[in-house]
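Reviewing the structure listed below.
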Amino acid sequence: MKFGNWQVTDAGIEWQGDPLQKLVITINELTNKVYLDQKTYYESILLATNEEWLTQNDLYDLNYAFVYTIGKTGGQFDYEIFDETLARQYDLFEQEDEEDFE
């Protein structure tokens, strides 16, 4: 299954856009969590969000691929953690947009 430039494989999610860039999220890494500011987030989504070469549209597509892959593999998905992760991602988008206008 393909979501934008992301290909879902049996091994995980792989970037298929610009061949000079590489990002792979393996099935084993998919639901890793990180704790920041007393909240829990999905680490792979935040790590991808910090990649300057990925556009917001690329990240939206990754979010869909992420949920699809967890469902496909039967992984443990937590809606609250995903909501918190997306809220932080959108905050980072807003910060980026503000920096662009300065």
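Read the figures in this text as sums done on the coordinates, not as results from a lab. Quick caveat, the model's predicted, so the values are computed rather than measured. Don't worry about glycine lacking a Cβ; one is built from the backbone with ideal geometry, like all the others, and counts go over all protein chains shown.
For the stretch 27-82, which GluC sites (Glu not before Pro) are in a loop by DSSP, counting at most 14 other Cβ atoms within 10 Å?
Filter output for the stretch 27-82: Glu51, Glu52.
For a quick check of your reading of the filter: which trypsin sites (Lys or Arg not before Pro) in the stretch 1-79 sit in a DSSP loop and have no more than 10 other Cβ atoms within 10 Å? Display every interim value, and only then the final one.
Numbers: sites: Lys2, Lys22, Lys33, Lys39, Lys72; in loops: Lys22.
Passing both the DSSP loop test and the Cβ count: Lys22.
Using 1/(1 + (r/R0)^6) with R0 = 22 angstrom and r between the beta carbons of Tyr68 and Asp10, what's the FRET efficiency to the nearest 0.05? Spell out each step's value before the answer.
On the way: r = 13 Å, r/R0 = 0.61.
According to the calculation, E is roughly 0.95.
³J(HN,Hα) across the stretch 39-50 via Karplus (A = 6.51, B = -1.76, C = 1.60, θ = phi - 60°), whole Hz, x for Gly/Pro?
10, 10, 9, 7, 4, 4, 5, 5, 4, 5, 4, 7
If you put +1 on each Lys and Arg Cβ and -1 on each Asp and Glu Cβ, how big is the dipole of the stretch 2-101 around its Cα centre, in Debye rounded to 20? Can you show the working numbers first?
Working: 6 positive and 21 negative charges, 137 e Å.
So the dipole magnitude of the stretch 2-101 works out to roughly 660 debye.
Which of Gln76, Gln89, Gln16 ends up with the largest GNM mean-square fluctuation for the chain, with Cα atoms connected below 10 Å?
The residue that fluctuates most here is Gln76.
Just from its helices, what would the mean residue ellipticity at 222 nm be for the chain, if runs of 4 or more DSSP H residues each count -39500 (n - 2.57) and the sum is divided by every residue, rounded to the nearest 500 deg cm²/dmol? Working shown, then result.
Numbers: 4 runs with 52 residues, N = 102.
Only helices count here, giving -16000 deg cm²/dmol.
How far apart, in nanometres, would the label points at Tyr79 and Gln38 be if each is projected 7 angstrom from Cα along the Cα-to-Cβ direction?
2.5 nm
For labels at Tyr60 and Asp91 in the simple 7 Å Cα→Cβ model, what's the distance in nm?
2.2 nm
Mind checking which of Gln95, Asn32, Leu20 is farthest towards the positive end of the stretch 2-101's charge dipole, using Cβ charges of +1 (Lys, Arg) and -1 (Asp, Glu) about the Cα centre?
So the residue furthest toward the plus end is Asn32.
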